[in-house]
1. Could you tell me whether any residue of segment 25-33 is of a type outside the set (Val, Ile, Thr) and part of a helix (DSSP H, G or I)?
2. Would you be able to say whether some residue in segment 48-56 is out of contact with any Lys or Arg (no Cβ under 8 Å at 6 or more places or on another chain), part of a helix (DSSP H, G or I) and modelled with pLDDT under 90?
3. For segment 1-26, which residues satisfy the criterion of being touching a helix residue (DSSP H, G or I) at 6+ places or on another chain (Cβ under 9 Å) and at pLDDT 90 or above?
Amino acid sequence: MRIAGDQLSIRELTVAVSDVTGEKYILLRPGGLGALSTLISIARFVASGTEDIYPAWQGMQYMRDMLVGRSRNTR
């Protein structure tokens, strides 16, 4: 099954959400992809002994992979 959809940049996403909700959303950049990768490594190390089904680092890793385009459907 293939599902196609829009591909928005982060800036385009803030505009779309602002338009839909009527509230002003702004872009906040606390760091780059390198900083996010470092945080993921630290979170994985700290959570290595837990048996969580969805550990916190998994969401961060998903976000990083989405931002670098690893999930893009090219077919």
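1. yes
2. If we filter segment 48-56 for residues that are out of contact with any Lys or Arg (no Cβ under 8 Å at 6 or more places or on another chain), which is where we start, we get 48-54, 56.
Narrowing the set further to residues that are part of a helix (DSSP H, G or I) leaves 56.
Of the ones still in play, those that are also modelled with pLDDT under 90 are 56.
Yes, there is a match, as at least one residue in segment 48-56 is out of contact with any Lys or Arg (no Cβ under 8 Å at 6 or more places or on another chain), part of a helix (DSSP H, G or I) and modelled with pLDDT under 90.
3. Filtering segment 1-26 for residues touching a helix residue (DSSP H, G or I) at 6+ places or on another chain (Cβ under 9 Å) gives 6, 8, 10, 23-26.
Within segment 1-26, Glu23, Lys24, Tyr25, Ile26 qualify.
Here is a yes/no grid of residues against (1) in contact (Cβ under 8 Å) with a residue 60 or more places away in the chain; (2) open to solvent by 70 Å² or more (accessible area, probe 1.4 Å); (3) within 17 Å of the chain's Cα centre (by Cα):
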{"site": "Thr14", "(1), (2), (3)": "no, no, yes"}
{"site": "Val17", "(1), (2), (3)": "no, no, yes"}
{"site": "Leu28", "(1), (2), (3)": "no, yes, yes"}
{"site": "Gly32", "(1), (2), (3)": "no, no, yes"}
{"site": "Ala43", "(1), (2), (3)": "no, no, yes"}
{"site": "Glu51", "(1), (2), (3)": "no, yes, no"}
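The values are calculated or read from the model by the stated rules, or taken from the named source; none is laboratory data. Everything quoted here is computed from the prediction, not taken from an experiment. Every residue, glycine as well, gets a Cβ built from its backbone with ideal geometry; the counts of neighbours run over all protein chains shown. Just so you know, the surface numbers come from the protein's heavy atoms only, side chains and all, with ligands and any DNA or RNA stripped out. Shrake-Rupley method; radii C 1.70, N 1.55, O 1.52, S 1.80 Å.
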